[in-house]
1. Select from the stretch 65-94 the residues that are in contact (Cβ under 8 Å) with a residue 60 or more places away in the chain, in contact with a strand residue (DSSP E or B) (Cβ under 7 Å, 6 or more places away or on another chain) and within 12 Å of residue 162 (Cα to Cα) and list them in ascending order.
2. Answer yes or no as to whether residue 183 is at pLDDT 95 or above and crowded, with 17+ Cβ neighbours inside 10 Å.
3. Inside the stretch 189-237, can you point out the residues that are farther than 20 Å from residue 165 by Cα, without any contact (Cβ under 8 Å) to a residue 24 or more places away in the chain and among the basic types (Lys, Arg)?
4. Would you pick out the residues in the stretch 161-180 that are surrounded by 14 or more Cβ atoms within 10 Å (Cβ to Cβ) and in a loop (DSSP other than H, G, I, E, B)?
5. Could you list, in sequence order, all residues of the stretch 69-84 that are under 20 Å from the mean Cα position of the chain (by Cα) and open to solvent by 60 Å² or more (accessible area, probe 1.4 Å)?
6. Of all the residues that make up the stretch 108-151, how many are in contact (Cβ under 8 Å) with a residue 60 or more places away in the chain, crowded, with 22+ Cβ neighbours inside 10 Å, in a strand (DSSP E or B) and in contact with a Lys or Arg (Cβ under 7 Å, 6 or more places away or on another chain)?
7. Given the stretch 202-306, what helices (runs of 4 or more DSSP H) lie entirely inside it while holding 1 or more residues that are of a type outside the set (Val, Ile, Thr), open to solvent by less than 40 Å² (accessible area, probe 1.4 Å) and more than 30 Å from residue 68 (Cβ to Cβ)?
8. Please work out which one of (1) buried (at least 16 other Cβ atoms within 10 Å of the Cβ); (2) not in a helix (DSSP H, G or I) is the condition residue 59 fails and give its number.
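The values are calculated or read from the model by the stated rules, or taken from the named source; none is laboratory data. As the structure is a computational prediction, the values presented were derived from the model and not from experiment. FYI the Cβ positions are ideal-geometry reconstructions off the backbone, even for glycines, and counts take in every protein chain you see. Surface accessibility is based on the protein's heavy atoms, side chains included, excluding ligands, DNA and RNA. Shrake-Rupley method; radii C 1.70, N 1.55, O 1.52, S 1.80 Å.
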Amino acid sequence: MLVVALVVQLVLGAGLILVAVNGFPLIGGGGDGKTDRAPAVAPAVPKATADRFDAPRAFALIRRELSYGQRPAGSAPLRRLAEVLRRELPNGRFEPVTGHPGLRNVVGTLPGRAPAIVVGAHYDSEYHPKGFVGANDSAAGTAAVVELARDLRSSSGREVRFVLFDGEEEGPGCPNARFDRCALRGSRAYVAAHRREVGQMVLLDYIANLGVRLPHEGSSTPALWARVRAAADEVGVGAVFPPTDQVTIYDDHTPFLRAGIPAVDLIDFSYRYADGLQDTIDKLSLASLDAVGETVFALVSGLRAD
């Protein structure tokens, strides 16, 4: 028995070393996977020098989303919320998620020339643990996308599509190792239908936590990431987007990257309350939401002018 136990320990240890060496991607929705937790005392978030993103209005939408409780893909609460979000987006409409009856993306559009810029977030929540509401994952991202759709109406240039993805989180019976196959359902369906129409994609995920820091996500397109950092510097919040790297994360930008579309994932993967019952609105910050919103407003305005 001792020999068997020792062999098992050696095999597990070798597996962990292999993961560490190869840097296998982490998943965007299920599991924990975090090794570098956020510090106990959140760093300060600088105040943006621009005022084009209405953060208080976006924060109010976060509260409204959370009033629907747990909102897993296909659930009645999520479908009711989807009706609200559709009305909030310009030219809002539903697009079915092919192969997944009952799931639907919510899409809004500002007209312009091709190729389109996609600004996205997922609007479903985890189905577990019971009572999970997902304030930062991803009610905050959803609210920011909706607010950007309002605030960017005064700009012009390239087409912008605001896409709220259904089915980002894995459903019951999906092991974490297969997250990128049985989750990301809305984004995979969107890319399959629209890949030839999209020029760049910007994903907003964990973006509003206290002391938010958004290093370069490992798979995000470097040239587009450089434009994110330039936009952050332009609005005075460069410290929120440090010139460092975090791990590669399977998320709703992944199908775009696999289709050859430049994409970035704005996600603070050190967020200590992810995937748990403590991911509640008191963990969020108006200053963090505003810093990210102003940055993405500047980024998309610049991309529209290309």
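1. Once the filter is applied, which keeps residues that are in contact (Cβ under 8 Å) with a residue 60 or more places away in the chain, in contact with a strand residue (DSSP E or B) (Cβ under 7 Å, 6 or more places away or on another chain) and within 12 Å of residue 162 (Cα to Cα), the stretch 65-94 yields 85, 89, 90.
2. The answer is no for residue 183.
3. 229 - this is the single residue of the stretch 189-237 that is farther than 20 Å from residue 165 by Cα, without any contact (Cβ under 8 Å) to a residue 24 or more places away in the chain and among the basic types (Lys, Arg).
4. Quick first cut of the stretch 161-180, residues surrounded by 14 or more Cβ atoms within 10 Å (Cβ to Cβ) only: 161-171, 174, 176, 179-180.
Hits for the stretch 161-180 are 166, 167, 168, 169, 170, 171, 174.
5. 79
6. Qualifying residue count for the region: 2.
7. Correct list: 222-234, 286-305.
8. That leaves (2) as the condition not met.
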